[in-house]
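Okay, structure first, notes after.
Read-outs throughout are calculated quantities, based only on the coordinates presented, and are distinct from any laboratory measurement. From a predicted model like this one, the values you see are computed outputs, not experimental measurements. FYI the Cβ positions are ideal-geometry reconstructions off the backbone, even for glycines, and counts take in every protein chain you see.
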Amino acid sequence: MITCEKNKNCTLFVPTNGAGLGHLTRCLAIAKRLKKLDPNREIIFFSTSAAMNLILQEGFLGYHLPSKMVCPEYVKPGEWNLMFQEHLRMIIKIHQPNLLFFDGVYPYAGLI
C-alpha cells in the first residue's frame, strides 16, 4: 500500500470532466509547479476526464472513474455519486492527502 509519510505533503487533485481540457490542464500546471517547488510532494489525481493519459505522461499517479455522461442510462445519478464517493474515500484512505484541490464548476454530491 502506498501512503504519504506523516512529514510528507500529499495533494489530491480532483478536476472535473468539462467540455474540454481546461480543468485538467489547469490542475496539471499547478501540480507541476508544486512538484518543482517541493520535489518530495506526492501528487495524486482522481478525475472523470478521458484524458488520463496526460496525467500519467507527466509522471503523476491517476485514478479514473468514467463521467456520468458516458455511463449507461441505467446508472442513476445517485448510484454514480455513491461510486464516486467510495472511490474518493478509498483514495483518501490509501494516500492520506493533506490537501484536496477541486477544479470544476459544480462539485459532485459524492465529493461533498
**Request:** Take each of the peptides 45-56, 28-39, 67-78, average the number of other beta-carbon atoms within 10 Å over its residues, and list them starting from the highest.
**Result:** 45-56, 28-39, 67-78
**Item:** Of 68/93; 32/76; 32/93, those spanning more than 27 Å from alpha-carbon to alpha-carbon
**Value:** 32/76
**Complete:** Final fewest-first order of 92, 43, 112 on the 10 Å Cβ neighbour count is 112, 92, 43
**Asked** In degrees between 0 and 90, to the nearest 10, how far off the longest principal axis of the chain does helix 22-37 point, with axes built from Cα atoms?
**Response** 20
**Fill in**
Projected area averaged over all directions for the convex hull of the alpha carbon atoms of the stretch 10-103, nm², comes out at 5.9
